[in-house]
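Below you'll find the structure, written out as structure tokens, and then a few comments.
The values are calculated or read from the model by the stated rules, or taken from the named source; none is laboratory data. These numbers were taken from a predicted model, which means no experiment stands behind them. Here the Cβ is made from the backbone with ideal geometry for all residues, glycine too, and neighbour counts use every protein chain on show.
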Amino acid sequence: MAYVAVKGGEQAIENAHAWLAEVRRGDPAVPELSLAQIEQQMSLAVDRVMAEGSCYDRGLAALAVKQARGDLIEAAFLLRAYRTTLPRFGASLPVDTGAMRVRRRISATYKDLPGGQVLGPTFDYTHRLLDFALAAEGEPPPPAPEAPAEETAMPRVTGILAQEGLMAPEAQSDAEPGDLTRQPLAFPADRSLRLQALARGDEGFLLALGYSTQRGYGNAHPFVGEIRMGEVSVELVPPELGFPIEIGEITVTECQMVNQFAGSKTEPPQFTRGYGLVFGQGERKAMAMALVDRSLRSAELGEEATAPAQQQEFVLYHCDNVEATGFVEHLKLPHYVDFQSELEKVRQMRATAMREAAE
Amino acid sequence: MGVLARASAAEIAERLGQAPPLPQHQRLRGPETGLAMVRGRQGGDGAPFNLGEMTVTRCSVRLADGLVGHAYVAGRDKQQAEWAAVLDAALQNPALRPALLEAVIEPLATAQAERAQRDARKAAATRVQFFTMATMR
């Protein structure tokens, strides 16, 4: 019976898609958006889709944004689906964020740090008042001011603390990291897998979880040691060459959260770090990721895990918006037979309850 | 190779117009587009982790004189990858190398360095110059 109901929708679906195409385009009297316009003028939407779609390609992400009518989760879904059609040539060498061509770099822990505080193109310090000048089509703004660029090194803030022995060092290892696109997650997941999951996780979900750790669900005392955004070069070792070659540059945002750590039986009191790294310019996401990364380290640091943001399974199984969308939205699919049986059951229970009440 | 990887096909084409003609080549593989898994390091300097993938196009060619060239370039531009592979092969030929470096690689490298410098100067203009209350008086 169920199949009878599911069939017969073909014409309706076709017509629905035709209408979708029409509303996607909108009023034909309004000029159509080009991919270059989306890439250039909706660049942070493109960045978010690349991060959560887990595929760095500005042109593909812009196409996904256009096709999804600006629905960024749908766009990330499209990008994830597309990436499954491509072969993987290999893995890059780990990118060196210390050698980043920095466009923005700030620290909330040191005012006068080597390399200085570089604000870059930021929304910070804007008044968040709608700018009606943008509503009118005008001349492009004048080029941004320039100043002599000194060749100053920008050492990592975590490195400054490490020199004093106050920052827990990272494990020095070149071990092959786990890859959750090849092996399903298993728990406990090591930090490489957790960072991979967080890097492609939903910004909103991670933001809320990070926020929860600040409000007391997980007892975090974070400082922004450093945020940096800019271009890093990507190197890869082709098997036919056997030595690394540069294949291009990508934009990334990195956040180092510095957290107090009271020490344990084996470790002296010191600072520990939460780490965030995302494709594109995604500062909110990088910060949220760093907060949640630190929370998820509770087990290895011997802290009591009591809050949602400290529960690996809870965080990692629910941070992926493509998976979450799939399971939530599957509820729209026909459940006619399931529901028929529920209906029978409730009617039966109801009849029994009424009969008993009457007796 | 880094210079060619960062240049668009249009930019390479423009430079090739000023260069001696490239030797005939035969495609050995591709150009074909795939993915590379980009890795980062935990905490910036720790053990590697998989950050996410990026599109990459690769191409391998052989010139008439037997020299083989390989290219891997970010993105999906097959023309860029093929030219990069041909140039990789031709640059191994000592007779062609100086002219190609001068006409293609060096001008592209200069343009890229200029773009990077412009960004660096804009960034420098947003560097905070702290002053204390004492110096305000």
Q) Got a number for residues in region A:52-78 being in a helix (DSSP H, G or I) and either among the charged types (D, E, K, R) or more than 10 Å from chain B (Cβ to nearest Cβ) (or both)? A) 16
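Counting only residues that are more than 9 Å from every other protein chain (Cβ to nearest Cβ) and either among the β-branched types (Val, Ile, Thr) or closer than 15 Å to residue A:236 by Cα (or both), how many does region B:1-16 have?
Total meeting the criteria: 2.
Table: residues versus (1) modelled with pLDDT under 95; (2) over 30 Å from residue A:192 (Cα atoms).
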| residue | (1), (2) |
| --- | --- |
| B:21 | yes, yes |
| B:43 | yes, no |
| B:62 | no, yes |
| B:94 | yes, yes |
Q: Determine which single condition residue A:132 fails, assuming it passes every other condition in (1) within 11 Å of chain B (Cβ to nearest Cβ); (2) loosely packed, with under 10 Cβ neighbours inside 10 Å; (3) of a type in the set (A, V, I, L, M, F, W, C).
A: (1)
Q.
Pairs please, first residue from region A:99-119 and more than 8 Å from every other protein chain (Cβ to nearest Cβ) and at positive phi, second anywhere and surrounded by fewer than 16 Cβ atoms within 10 Å (Cβ to Cβ) and at pLDDT below 90, Cβ atoms under 9 Å, 6+ apart in sequence or on different chains.
A. A:115/A:152; A:115/A:153; A:115/A:155
Q: Would you point out which residue out of A:284, A:297, A:273 is at pLDDT 95 or above and either in contact with a His (Cβ under 7 Å, 6 or more places away or on another chain) or among the basic types (Lys, Arg) (or both)?
A: A:284
Q. In region A:197-217, what residues are at pLDDT 95 or above and among the basic types (Lys, Arg)?
A. A:200
